[in-house]
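The values are calculated or read from the model by the stated rules, or taken from the named source; none is laboratory data. Since this is a predicted model, take the numbers as computed values, not measurements. Cβ: placed from backbone, ideal geometry, glycine included. Neighbour counts: every protein chain shown.
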Amino acid sequence: MPVRARIFLVGFVAVVIWATAQCRRAPEDTDTQVITVWAHHGREAENLAMRRIIDAFNEAHRALGLRAEITFFPDRQYADKVSIASASGSLPDVLEVDGPYVGPWAAEGLLQPIDDFVRSELRDDMLPSLIQQGTFRGSLYTLGAFDSALVVYYNRDIVEKNGLMPPGRLDDAWTWDQFLDALEHVKPHAAVPLSLHMDDQSDEWFTYAFSPLIWSNGGRLIGADGLTVVGVLDSPENTAAIRRWQDLFQRKLAEPTSTNPNPFAAGLAAFDWTGHWMLPSFEHTEGLRFGVMPLPRTGSVAACASGSWCWGLSRDCDDPAASWLVIEWLLDPEQGIQPIVRANGAVPGRRSAFALFPEYEHMPRRLFREQLESAAHPRPRTAIYLSLTSAFARALRDIALGADVQTALRQAAESAQRVANRQHDKPGPSDNRP
Amino acid sequence: MNRREHITAFLFVAPACALILLFVLWPVVNTFTTSVYQVGLTDPQYGPFCGLANYRALFDDPAFGRSAANTAVFTLAVVPLQTALALVFALWTNSPAWSRRALRVSVFLPTVLSLTVLSVLWRLLYEPASLSGTGLFNGLLAGLHLPTQPFLTSPRQALWAIVIMSVWQGAGLQMMIFLAALQQIPAERYEAARLDGAGRWHQFRHVTLPAIAPTAFFVVMVTTIFALKLFVQPFIMTRGGPEGSTMSVVQYIYEAAFFARDLGLACAAGAVFFVAVCLIAVAQRLLLRVVEDRQ
């Protein structure tokens, strides 16, 4: 090797070693305790708000020697990233958790209970749906700064002109027959009587959006033990409720696939079954006059969906008391809830926080709040949730395309039960049943 | 070679060997070991040793059988279709004329694009007639007064719709490999064949085909392995539905690991899949040797 090349090689190796060493050199204030926080990568405004909230926390806790460091991960890979970090023992202190993951992650021992830190004032001030969402086998694992609401939007120009008056209160929610009648009524006046977003790529939309049909008819997705699916998911009540849903497709009131992801904003749909997150864009759509009504009932009770991102402490968190301060800050109405909710448009998670949001006194947001305070169900918290939701979503997709309801639900139940049975045989944290 | 050259050679190969050991061999060995333990996705340690229990659970699961059958049908359909189409395109575009070169580029283009993006586009193309609009293919069928088709929404058609899309997407790369082989054939052979009075078919049959046979075997082998790894197209276009008709083995493994959070089961499925792919590749290799020996 010529001398010049050798010098170059040695120099190159030296630079690489130096650069690697630089990466490892974190800011080393020996007096500062660093709390690591992982969050999902939302829209830009949301990430910016999160950064500001964490900066304000660091400012306020400088004297205590605490500093939070937040890292964002892309939404779709977030859960896989956390699972892998758990297996390699490198979880952060504070974790953002998507509602449906509370069950699996608590069962796997990835989260630690936070009951000891939650004062009764805070517990009573939280929306009941968020307490339910964070509770697994009697312990509280997570709390969230906001929640979600699922409603039916209607186009006033189509619906009211045809003499229909949709209800604005939960108690007055339409029955399924009233709903079908209304859809038949507007069918000649709208290309799509009801938009159900069946083109959604995630399984979670289906479980989130259509479980209320089952709850309203007195059914459940999974037994109270979190491990019985056969006989529960395919129960007669559920079959009846989902048959009523299938009517929508068979009577051509809704489409099982869609080329248009947002027919409601285009004025093509009379009704739109979707969440609070569409409200800001509908409000900004020129020429769209719309109203909001609660989901129709398939049975005797009104039911609606809830659930969103929330915060928990990981198994690898060494100083839970200090890390809890970060969560407490994120749940503070002024410091945490107000900035993030202003950025993402979700429903504030604490009753006291509504004082900062006067718009929740009026429709349509009044309905969001009313639902969450009285009738909202989070999705079931079970160790096998991810298999349950994928099996249920698969069944609903097939049912919309004309599959037999009873058969599809039975197959979904059997496939989730297979996973539950293997879970049951397995020792470990998931066996700590009450 | 002297000693010094030996060392230099070793140093040149060492990084590649280290990477293969670390990222290919070690994971394979790890898959086999994990498959005989009870272990959840997020468990920091293995659970108890369970022998072949994971394999028993795997073969008891009708969804695994279904996904294996789907993958087999997909492979058996894609490999001959894609190889034949690639050869046809290669013969057709094997000319310096600019129009042929443009055609070559347009056939090659889909292999450069992301499979995910193409799957999303084809899902829209296959969209059935619905209340808010119609996909392009059904629009064309309707325009020609032909019956519209459910394509991806029918358990009978969905897998074939994915076969067609995959053949279209993959044929370009194989075409390039065939083109390289075609351009290696000396022109004198065709001249000699013509002097002997061979027509176009006989030239193809007795000059072209024997010359590109080894390349064809290579193409078939690579296509088989690619086809067996089917995942992205059905995962995006149908999510394995309708009624499980497009569920692939790789999707089964993904769901066992990340939905059922059952790493033991997922590794058992991965091990079975690995052995099956190896056996198929070895069988093809042996077949190639037999054919080569006969020539």
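Listed values, structure above:
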read-out	value
Residue check, residue A:427 facing chain B (nearest Cβ under 9 Å) and at pLDDT below 95	yes
So residue A:299, is it closer than 24 Å to residue A:180 by Cβ and modelled with pLDDT under 95	yes
Top-ranked residue in the stretch B:212-251 [being more than 16 Å from the chain's Cα centre (by Cα) and away from chain A (no Cβ under 14 Å); ranked as nearest to residue A:392 (Cα to Cα)]	B:215
Residue A:289, sole failed condition from (1) within 29 Å of residue A:46 (Cβ to Cβ); (2) touching a residue at least 24 places away in the same chain (Cβ under 8 Å); (3) within 14 Å of another protein chain (Cβ to nearest Cβ)	(3)
Hits in the stretch B:239-259 - residues which are outside any helix (DSSP H, G or I) and surrounded by fewer than 24 Cβ atoms within 10 Å (Cβ to Cβ)	B:239, B:241, B:243, B:244, B:245, B:259
Residue, farthest from residue A:314 (Cα to Cα), within the stretch A:54-81, restricted to residues that are in contact with a Phe, Trp or Tyr (Cβ under 7 Å, 6 or more places away or on another chain) and not acidic (Asp, Glu)	A:57
Qualifying positions in the stretch A:198-207 - assigned to a loop (DSSP other than H, G, I, E, B) and surrounded by 19 or more Cβ atoms within 10 Å (Cβ to Cβ)	A:198, A:203
Qualifying residues in the stretch A:135-149 (those that are assigned to a loop (DSSP other than H, G, I, E, B) and within 17 Å of residue A:277 (Cα to Cα)) - the one farthest from the chain's Cα centre (by Cα)	A:145
Qualifying residue in the stretch B:69-83 (condition: touching an Asp or Glu at 6+ places or on another chain (Cβ under 9 Å), surrounded by fewer than 21 Cβ atoms within 10 Å (Cβ to Cβ) and part of a helix (DSSP H, G or I))	no
Residues of the stretch A:36-73 that turn out to be under 19 Å from the mean Cα position of the chain (by Cα), surrounded by fewer than 19 Cβ atoms within 10 Å (Cβ to Cβ) and in a strand (DSSP E or B), as a count	3
Verdict on residue A:274 being part of a loop (DSSP other than H, G, I, E, B), polar (S, T, N, Q) and outside the structural domain of residue A:344 (by TED's automatic domain parsing)	no
Residue within the stretch B:132-150 that is of a type outside the set (A, V, I, L, M, F, W, C), buried (at least 16 other Cβ atoms within 10 Å of the Cβ) and within 30 Å of residue B:221 (Cα to Cα) present	no
The listed residue being farther than 28 Å from residue A:115 by Cβ and of a type in the set (Ser, Thr, Tyr), out of A:407, A:389	A:407
Among the residues listed as B:163, B:167, the single one being surrounded by 20 or more Cβ atoms within 10 Å (Cβ to Cβ), under 21 Å from residue B:232 (Cα atoms), of a type in the set (A, V, I, L, M) and out of contact with any Phe, Trp or Tyr (no Cβ under 9 Å at 6 or more places or on another chain)	B:167
Lone qualifier among A:272, A:318 - being more than 24 Å from residue A:98 (Cβ to Cβ) and out of contact with any helix residue (DSSP H, G or I) (no Cβ under 6 Å at 6 or more places or on another chain)	A:318
Set A:280, A:294, A:263, A:236: member being at negative phi and within 14 Å of another protein chain (Cβ to nearest Cβ)	A:263
Residues (hydroxyl-bearing (Ser, Thr, Tyr) and either outside the structural domain of residue A:329 (by TED's automatic domain parsing) or surrounded by fewer than 24 Cβ atoms within 10 Å (Cβ to Cβ) (or both)) located in the stretch A:84-100	A:88, A:90
Residue match in the stretch A:327-340 (condition: out of contact with any Leu (no Cβ under 6 Å at 6 or more places or on another chain), farther than 18 Å from residue A:134 by Cα and among the β-branched types (Val, Ile, Thr))	yes
Residue under evaluation residue A:204, criteria (1) of a type in the set (D, E, K, R); (2) over 22 Å from residue A:288 (Cα atoms); (3) over 25 Å from the mean Cα position of the chain (by Cα), criterion not met	(3)
Residue in the stretch A:234-245 that is touching a strand residue (DSSP E or B) at 6+ places or on another chain (Cβ under 7 Å), buried (at least 19 other Cβ atoms within 10 Å of the Cβ) and assigned to a helix (DSSP H, G or I) present	no
Residue list for the stretch A:103-122, filter: assigned to a helix (DSSP H, G or I) and over 23 Å from residue A:385 (Cα atoms)	A:116, A:117, A:120, A:121, A:122
Failed criterion for residue B:157 (all others in (1) within 30 Å of residue B:209 (Cβ to Cβ); (2) of a type in the set (S, T, N, Q); (3) surrounded by 13 or more Cβ atoms within 10 Å (Cβ to Cβ) hold)	(1)
Qualifying positions in the stretch A:390-421 - more than 20 Å from residue B:66 (Cα to Cα), within 12 Å of chain B (Cβ to nearest Cβ) and in a helix (DSSP H, G or I)	A:400, A:420, A:421
Some residue of the stretch B:126-136 being closer than 25 Å to residue B:71 by Cα, modelled with pLDDT of 90 or more, touching a helix residue (DSSP H, G or I) at 6+ places or on another chain (Cβ under 8 Å) and outside any loop (DSSP other than H, G, I, E, B)	no
Qualifying residue in the stretch A:150-159 (condition: of a type in the set (A, V, I, L, M), outside any strand (DSSP E or B) and loosely packed, with under 15 Cβ neighbours inside 10 Å)	no
Only one of A:189, A:185 that is surrounded by fewer than 23 Cβ atoms within 10 Å (Cβ to Cβ), within 14 Å of another protein chain (Cβ to nearest Cβ) and either farther than 24 Å from residue A:365 by Cα or at pLDDT 95 or above (or both)	A:189
Count of the stretch B:17-34 residues which are more than 25 Å from the chain's Cα centre (by Cα) and more than 14 Å from chain A (Cβ to nearest Cβ)	3
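Table: residues versus (1) surrounded by 24 or more Cβ atoms within 10 Å (Cβ to Cβ); (2) out of contact with any Lys or Arg (no Cβ under 7 Å at 6 or more places or on another chain); (3) in the same structural domain as residue A:172 (by TED's automatic domain parsing); (4) polar (S, T, N, Q).
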position: A:346; (1), (2), (3), (4): no, yes, no, no
position: A:349; (1), (2), (3), (4): yes, yes, no, no
position: A:362; (1), (2), (3), (4): no, yes, no, no
position: A:373; (1), (2), (3), (4): no, yes, no, no
position: A:403; (1), (2), (3), (4): no, yes, yes, no
position: A:407; (1), (2), (3), (4): no, yes, yes, yes
position: A:423; (1), (2), (3), (4): no, yes, yes, yes
